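Quick one: the structure is below, and I'll ask about it shortly.
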Amino acid sequence: MNWRKWIAAALFVFGLVSAFAPLSHAATVQFTAAAQAKWDKLLAVTEKTEAAKLQAAYNGFLSLQKQTDSWDARINALHYSNDEAVKVVKSQIKQINASQLGKLEAQLKQAETKHDPLLSRYSSLNKQISAANAMKSKELKKLLQTQANLLKPLVQLAREDIKAKRDALKSLKDSTGKKAKQIRAVLAEIDPVKVRIQAEKKAIGAPKSSVSTVMKSLNAAVKTGSAKDARSALAGLNSLQQQIVNRKEKIYGYEEQIANVIAKAKLRLAASA
């Protein structure tokens, strides 16, 4: 074989390999012009019924690949939608009672600021009373005690005001935290579903890898014109591709489960508003 013939033969083989090589999930295997001619020749020399079965098997393989692409598109769209929805829900959880909490925090701070001079004055008087007592100064102690006694009712009211506002804030924080915890518990139901998705993705690896091996058998069958071997290879490819489609369908179902969990979390969120 001279060099021109050798190159021509190499290009033909490369055309067959390229025609049947596994493509990305967004494309399907197609015959090149040269491979199509070889395939047509194989069908032409094969008994009519058998040739029809071969073509149907090949068409079925292409259809399964298109189904795989379709499932991938649907999975990706729903997965993105779910991710965005979870982000929104988590953000909204942080906003539960945010306005009311902010208002109560402001009221508490305002009360503390308002009553601080009185409480500081009362505290200072008590310290002075203790010092006067230590110095055994009865007159000074009596004077200071009188002032403290006059302030005591006001101090009591101030403390009660601050306590009431602090208790109201704590109560709302506690109830808010409880609501947030319940919604996060709902979202946590997503985690085991994600584990199942990862398991399915991992399981797809086996048939996906096997496709490449079976492709080589189909390449050889088309090249040699063996209808029997081509039928066997196509049966294997269809079986493998069907497994991939089935697992893709399961993954989509799991994404739907996640969407349902998110919907449930949204209902809880709406109820907590």
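Taking the alpha-carbon distance from Lys178 and a cut-off under 16 Å, which lysines remain once sequence neighbours fewer than 8 residues away in the same chain are dropped?
Partners found: Lys90, Lys94, Lys170, Lys266.
So which lysines pass the test for Lys41, namely a Cα distance under 26 Å, with those fewer than 8 places away in the same chain ruled out?
Straight-line reach from Lys41, under 26 Å: Lys5, Lys53, Lys66, Lys216, Lys223, Lys228.
Could you compute how fast the chain diffuses translationally, taking Rh as the Kirkwood radius over C-alpha pairs and applying Stokes-Einstein at 10 °C with viscosity 1.306 mPa s? Give it in µm² per second.
61
Quick one: helix 98-134 against the long Cα principal axis of the chain, what's the angle to the nearest 10°, folded into 0 to 90?
Compared with the principal axis, the helix lies near 40 degrees.
Give the angle, between 0 and 90 degrees and rounded to the nearest 10, that separates the Cα long axis of helix 227-271 from the longest principal axis of the Cα atoms of the chain.
Compared with the principal axis, the helix lies near 20 degrees.
Additional query: Counting pairs of alpha carbon atoms under 8 Å apart in space and at least six apart in sequence, what relative contact order in percent does the chain give?
Taking the mean separation of contacting Cα pairs over the length of the chain, I get 32 percent.
How big is the dipole moment of the chain about its Cα centre under a simple scheme where the beta carbon of each Lys and Arg is +1, that of each Asp and Glu is -1, and everything else is neutral? Debye, nearest 20, please.
1240
If you don't mind, another one. Using a Cα-Cα cut-off of under 12 Å, which aspartates and glutamates could be cross-linked to Lys173, ignoring same-chain neighbours fewer than 8 residues away?
In chain and number order, the partners are Glu105.
Enumerate the residues in the range 145-184 having an amide nitrogen under 16 Å from the point lying 7 Å beyond the Cα of Thr113 toward its Cβ.
Counting only backbone N, you get 162.
Where is the GNM fluctuation largest for the chain (alpha-carbon springs, 10 angstrom cutoff): Tyr252, Tyr122, Tyr58?
Between Tyr252, Tyr122, Tyr58, it is Tyr122 that shows the largest mean-square fluctuation.
Would you calculate the separation in nanometres between label points at Ala185 and Ala56, each defined as 7 Å from the Cα along the Cα-to-beta-carbon direction?
The answer from the label model is 5.6 nm.
Additional query: Report the full-extension gain for the segment Lys142 to Ser124: residue separation times 0.36 nm, less the Cα-Cα distance, to one decimal in nm.
5.0 nm
Lys/Arg Cβ at +1, Asp/Glu Cβ at -1, dipole of the chain taken about the Cα centre: which of Ala35, Thr213, Ala227 is farthest positive-ward?
Thr213
Could you order peptides 66-73, 192-199 by the average number of other Cβ atoms within 10 Å of their residues, highest first?
66-73, 192-199
Right, next: Relative to the longest principal axis of the C-alpha atoms of the chain, give the angle of the C-alpha long axis of helix 138-187, reported between 0 and 90° and rounded to the nearest 10°.
Orientation of helix 138-187: about 10 degrees from the principal axis.
Just so you know, all these numbers are worked out from the coordinates, no wet-lab data involved. Computed from a predicted structure; not experimentally measured. Note: ideal-geometry Cβ built from the backbone for every residue, glycine included; neighbour counts use all protein chains shown.
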